[in-house]
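First comes the structure, then the notes that go with it.
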Amino acid sequence: MNLTGVTGFLDAALDRSVLLGYSKIGSGLRKRWWPADPPANALAGKRVVVTGATAGLGEAMAQSFAELGATVHLLGRNPDKVKRSAGVIRGRVPGAVVIDEVCDVGDLDAVRAWTDDLSGRIDALHGLVHNAGVMPKERDETPQGHELQLACHVLGPQVMTERLLPLLRNAGGASVVFVSSGGMYSAPLDADDLETARGEYDG
Ligand SMILES: NC(=O)c1ccc[n+]([C@@H]2O[C@H](COP(=O)([O-])OP(=O)(O)OC[C@H]3O[C@@H](n4cnc5c(N)ncnc54)[C@H](OP(=O)(O)O)[C@@H]3O)[C@@H](O)[C@H]2O)c1
């Protein structure tokens with residue numbers, strides 16, 4: 001087994017153990033084989049969309065992409081929050097190119113309208129990070145009648161990716177990333193009740 005095989009095995013073992021993989025132990029061990037950070041401007045000339053980028057991991061990712069020289073499309077559902085986060089990144093990163101994007105990724109009509117709009121504005125997309133996420137305490141539905149968490153984490157990103165495929169293909173080697181959760185190991189998927197219409201809701 002080469003080094004990549006060994007670290008791949010360790011990575012999977014840490015992941016499956018949940019406690020080791022998702023605590024400081026996991027990041028402490030993994031950083032021994034993580035590659036070095038890319039050089040400044042490693043993403044110059046590239047264009048990336050980050051969803052749910054008005055807070056938390058999404059905002060941090062959007063800033064990191066801007067620091068690496070990418071043009072960042074910062075997407076959120078609240079226009080005021082989008083404006084604030086984009087302004088913060090422009091203030092922190094000299095020369096950052098950050099484009100405000102407003103779309104509720106759980107609303108499939110909004111996703112269709114936004115992807116049509118974006119496709120008319122740009123020729124290629126090099127990266128798409130599906131980060132927007134919610135964990136509502138009670139079951140709720142989107143305008144199309146889908147359970148909110150399913151729509152936000154699965155249906156919206158799926159529709160968005162499909163409709164942006166021409167732009168992603170035009171980039172000649174694009175990446176699409178789905179941000180998920182280690183919680184999936186402790187909450188098995190009920191494939192017969194994806195909309196959580198019958199099952200107990202413990203989001
Ligand atoms: N942090 C963790 O420990 C953890 C663990 C496991 C998985 N994750 C996953 O990692 C991702 C980011 O987590 P986080 O902790 O950074 O979350 P966060 O701080 O709550 O930020 C979530 C972001 O998503 C946006 N958002 C929510 N619903 C949206 C929608 N329908 N359309 C567009 N944007 C929407 C929020 O905007 P608003 O402010 O407008 O709501 C916010 O900007 C999520 O997918 C989450 O499930 C996080």
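The values are calculated or read from the model by the stated rules, or taken from the named source; none is laboratory data. Note that the structure is a prediction, hence the values are computed from the model and not measured. Cβ: placed from backbone, ideal geometry, glycine included. Neighbour counts: every protein chain shown. Just so you know, the surface numbers come from the protein's heavy atoms only, side chains and all, with ligands and any DNA or RNA stripped out. Shrake-Rupley method; radii C 1.70, N 1.55, O 1.52, S 1.80 Å.
Exactly one residue among 195, 147, 101 is more than 17 Å from the chain's Cα centre (by Cα) and crowded, with 20+ Cβ neighbours inside 10 Å, and that residue is 147.
Only a single item in (1) farther than 30 Å from residue 63 by Cβ; (2) open to solvent by 60 Å² or more (accessible area, probe 1.4 Å); (3) among the acidic types (Asp, Glu) is not met by residue 162, and it is number (1). Kindly indicate whether residue 188 is assigned to a loop (DSSP other than H, G, I, E, B) and either in the same structural domain as residue 12 (by TED's automatic domain parsing) or away from the ligand (no atom under 12 Å from the Cβ) (or both). Yes: the conditions hold for residue 188.
For the stretch 13-22, a tally of residues being loosely packed, with under 13 Cβ neighbours inside 10 Å and either within 16 Å of the ligand (Cβ to nearest atom) or at pLDDT below 90 (or both) returns 2.
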